[in-house]
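Presented below is the structure to which this report refers.
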Amino acid sequence: MTKRDHDGWDDLGRLDPVLTPRDDGSVLVVSRQSLGDHPRCLTDRLVHWAAAAPDRTFLAERAADGGWRRVSFAETWRTVRRLAAGLLDLDLSADRPIAILSGNDVEHGLLALAAMTIGVPYVPVSPPYSLVARDFGKLDHCMRLLTPGLVYATDAAPFAKALAACAAPGRLLVAARGADGTTVRPFDRLMGDPDDPRIDRALAAVTGDTIAKFLLTSGSTGEPKAVVNTQRMIMANQIMLLQCFPFLAEEPPVFVDWLPWNHTFGSNHNFGLALCNGGTFHIDEGKPVPAGIAATVRNLKEIAPTAYFNVPKGYETLIPHLEADPDFARHFFGRLRFLFYAGAGMAQAVWDALQALSHRATGHGIPIVTGLGATETAPSALMNMRRTDRPANLGHPMIGVTLKLVPVDGKLEARVKAPTVMPGYWRSPDLTAKAFDEEGFYRFGDALTFATPGDPDGGFLFDGRIAEDFKLATGTWVSVVAIRNQLIGGLAPLVRDVVVAGHDRDFVTAIVVADPEHAGRPDLAEAVGARLAALAAAATGSSNRVERVAILPDAPSLEAGEITDKGSLNQRAVLARRAALVDALYAEPPAPPVIVARPGSVP
C-alpha cells in the first residue's frame, strides 16, 4: 500500500454544485459532473473478484484461537454458490425473504450474498430486537410485515427464545452453531450443488429493479418500516462513492469495521465498498464504548486500515488509546486515506485531537469526511469533499443526486431525487406516499442551511429536523437540535442525552438522561442545576433558554420505543410515555424531581 505523504484532501474527488432558483421559492442543487455507469448487481462484483483476485481475502473475523479466520474471494464465491443451490429449493421470494437475526459475521455475509445471487431479498434485523427486548414486540412486527420463509441466527443458544418466537408454519429456522437438527436446521445442511445450472439462470434474471434487501428503519417515528433496497440503488451509490474516493479503484481497500449490517451505512456503504473494489473487510467484534473498545484496539493494532469509518463517539473512545501509544498511532494513521464519521455531529475537540494525532504520526493532517444520507437513499446523498478544518459541513449533492431545498416554517427542508432513492416502504403504500412530495422527491425531514449564505459552493449545514422543531405558546420557534446540543455540551459529563419539551407551552424544558458514571451521585441534581443556571444566564431569549429539567428516573425502554435499535433516544416516544414527568416540569410551584435554572435550583 502507498504510504500517504500529504494531507490527502487533494486526492478526493470533486463535487461542483450548480444552484437553480425556482419561482416557488425552492432551489435545486446538482453536480456538474455525470454519474458513471454502474454494474447490474452486487454479485457481479463478487464474480469479477473471484476471477481477478481469487486468493485475496475478502472477509475476515476473529477465530476461536485468537487468530483471523480468512475467506478469499474464490472461496466466498464457491460457498455462495453452494448456499444459493440450497436456497433455490425453499420457495423463497420477496414475499418469503430471509431474515437474519444475528450481527456481523462471515456466515451472515455469505448467506446475504447467496440470497442476492438468486434474486431473493434478505432482511438483517437489529440483534437487540432478539437479545435485549423482553417481549419481542418489534421482532414480531418485523415477522408480520415481512413474512420471511427462512429465519437465521449464527448461534442458536443466545437466540433460542427469539427463534422460537419466530416459528411459523412453512418457515425454516436455521443456525450455524447449536442447531438441534429438528426445530432448527444446521447451516451446513442448506448447502447444495455449486454447479447447479439453476444458479446461473437465477443470477442472469437479476436486474437493477430486483429487490436486494429490506433494511429496517430505526423506529424513531413509530414501528420500524422496511425500506426496499434494489440492486440499482446499491450499485449506483457505489459508483457515486467511487467518484468521491477514486483511489479506492487504484489499490484494494482494507477495512476494520464494526458498524452493524442491519444499518445502511455498515451494510450498503462499507460492506459494499469492500466488495465492489476488491477489498478486505475485517469484521471488528468491538464496540465504541469503554467495555468494547479493547477488542477494536487489538484489531487495529494488527490491521492498518486504508480508510476508517466510525460514529463520533467511537472516535472519542479510541483517541485516548492512540494518544497513549505512539506506535499504535503511527500504525493506525500510516496508510489511512481518510476518516469518515456519520450518525451524529462530531465535536470540534474530537476533530482537533484526530488531526493532532495524525500530524504527530505522519507529519500531516488527514481528511475527515462526512455527509448526509438515509436508509431510504442507500445511503449517501451529500458528501463533503472540500478541505476544511471544522466538522459539521455536509458538503454538496453527490454526482447523480438532485437536491431540492424547500422553504418550510422558516427553514429549508432537504429533498432528493436519485437512482439511489428507494421505490418505497414494503407493504406500506400510505407511508410511501407521505415520504415523497408531488414531484417525486424523497423528503428527508431534515433542514439544511447554506454554510455560506446563498452560495452552494460553501456546502450545507444540518439545521435540525423539521418535525422535531416546535413553537412556544408565544409563537416563538424552538430549534430542538440547537437546544439539545447546548444542553449536552453544557451539562457534560453529567448528562448523556436530552429530550426537549415545550410545544405550545410558555417556556422550554427538558428531560435529561444521566451519564451512567454520574447517575449515582447524591449531588447530581444540585450539580445539574448549577450548570443549567449558567446556561440560562447566557441565553439570549425564550427560544434558547431552558428553564427547567428533570432527570429521567429509569433507563429508557427499547420495548416501549424510547430508544431505537441504534441506541439513540426517540424524542417523541419519551415525551409520550413520560407525559406525567412533562406535566411536572410545568407545574406551579415546581417540586422535585424538577430542577429549576436559578441559584439554589432544586425546589
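The values are calculated or read from the model by the stated rules, or taken from the named source; none is laboratory data. Computed from a predicted structure; not experimentally measured. All Cβ positions, glycine included, derive from the backbone under ideal geometry; neighbour counts span all protein chains shown.
If you take the residues of segment 183-224 that are among the basic types (Lys, Arg) and assigned by TED's automatic domain parsing to the domain that holds His141, which of them is surrounded by the most Cβ atoms within 10 Å (Cβ to Cβ)?
First, the residues of segment 183-224 that are among the basic types (Lys, Arg): 185, 189, 198, 201, 213.
So of that shortlist, the ones also assigned by TED's automatic domain parsing to the domain that holds His141 come out as 185, 189, 198, 201.
Details: Arg185: 17, Arg189: 11, Arg198: 14, Arg201: 11.
Filtering segment 183-224 for residues that are among the basic types (Lys, Arg) and assigned by TED's automatic domain parsing to the domain that holds His141, the one surrounded by the most Cβ atoms within 10 Å (Cβ to Cβ) comes out as Arg185.
Looking at segment 68-106 only, could you name the residues that are β-branched (Val, Ile, Thr) and out of contact with any His (no Cβ under 6 Å at 6 or more places or on another chain)?
Val71, Thr76, Thr79, Val80, Ile98, Val106
Among the residues of segment 103-114, is any surrounded by fewer than 23 Cβ atoms within 10 Å (Cβ to Cβ) and farther than 24 Å from Glu285 by Cα?
Checked segment 103-114: no residue is surrounded by fewer than 23 Cβ atoms within 10 Å (Cβ to Cβ) and farther than 24 Å from Glu285 by Cα.
If you go through segment 396-418, how many residues are of a type in the set (Gly, Ala, Ser) and surrounded by fewer than 22 Cβ atoms within 10 Å (Cβ to Cβ)?
The number of residues fulfilling the criteria is 1.
For Pro553, indicate whether it is part of a loop (DSSP other than H, G, I, E, B), in contact (Cβ under 8 Å) with a residue 24 or more places away in the chain and in contact with a His (Cβ under 7 Å, 6 or more places away or on another chain). Can you show your working first?
Details: part of a loop (DSSP other than H, G, I, E, B): yes; in contact (Cβ under 8 Å) with a residue 24 or more places away in the chain: yes; in contact with a His (Cβ under 7 Å, 6 or more places away or on another chain): no.
Considered against the rule, which asks whether it is part of a loop (DSSP other than H, G, I, E, B), in contact (Cβ under 8 Å) with a residue 24 or more places away in the chain and in contact with a His (Cβ under 7 Å, 6 or more places away or on another chain), Pro553 comes out as no.
Counting just the residues of segment 262-299 that are of a type in the set (A, V, I, L, M, F, W, C) and within 15 Å of Gly343 (Cβ to Cβ), which one comes out modelled with the lowest pLDDT?
My answer is Val289.
Residue by residue, here is whether (1) among the aliphatic types (A, V, I, L, M); (2) farther than 13 Å from Cys41 by Cα; (3) at pLDDT below 95; (4) in a loop (DSSP other than H, G, I, E, B) holds:
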| site | (1), (2), (3), (4) |
| --- | --- |
| Ala168 | yes, yes, no, yes |
| Val174 | yes, yes, no, no |
| Thr183 | no, yes, no, yes |
| Ile199 | yes, yes, no, no |
| Leu215 | yes, yes, no, no |
| Gly219 | no, yes, yes, yes |
| Pro224 | no, yes, yes, yes |
| Asn229 | no, no, no, no |
| Met235 | yes, no, no, no |
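Out of the helices (runs of 4 or more DSSP H) lying entirely within segment 106-150, which hold 3 or more residues that are in contact (Cβ under 8 Å) with a residue 60 or more places away in the chain and over 24 Å from Ile199 (Cβ atoms)? So that I can check it myself, show each step before the final result.
On the way: elements: 106-117, 128-131, 137-146.
It comes to 137-146.
Considering only segment 557-590, how many residues are modelled with pLDDT of 90 or more and assigned to a loop (DSSP other than H, G, I, E, B)?
Pass one, segment 557-590, residues modelled with pLDDT of 90 or more: 574-575, 577-590.
With the extra rule that they be assigned to a loop (DSSP other than H, G, I, E, B), the set shrinks to 578, 586-590.
Residues flagged as modelled with pLDDT of 90 or more and assigned to a loop (DSSP other than H, G, I, E, B) within segment 557-590 amount to 6.
Being in contact with a helix residue (DSSP H, G or I) (Cβ under 8 Å, 6 or more places away or on another chain), of a type outside the set (Ser, Thr, Tyr) and closer than 19 Å to Asp95 by Cα is the filter here; which residues of segment 111-137 pass it?
Leu111, Leu113, Ala114, Ala115, Met116, Ile118, Gly119, Val120, Pro121, Val123, Pro124, Val125
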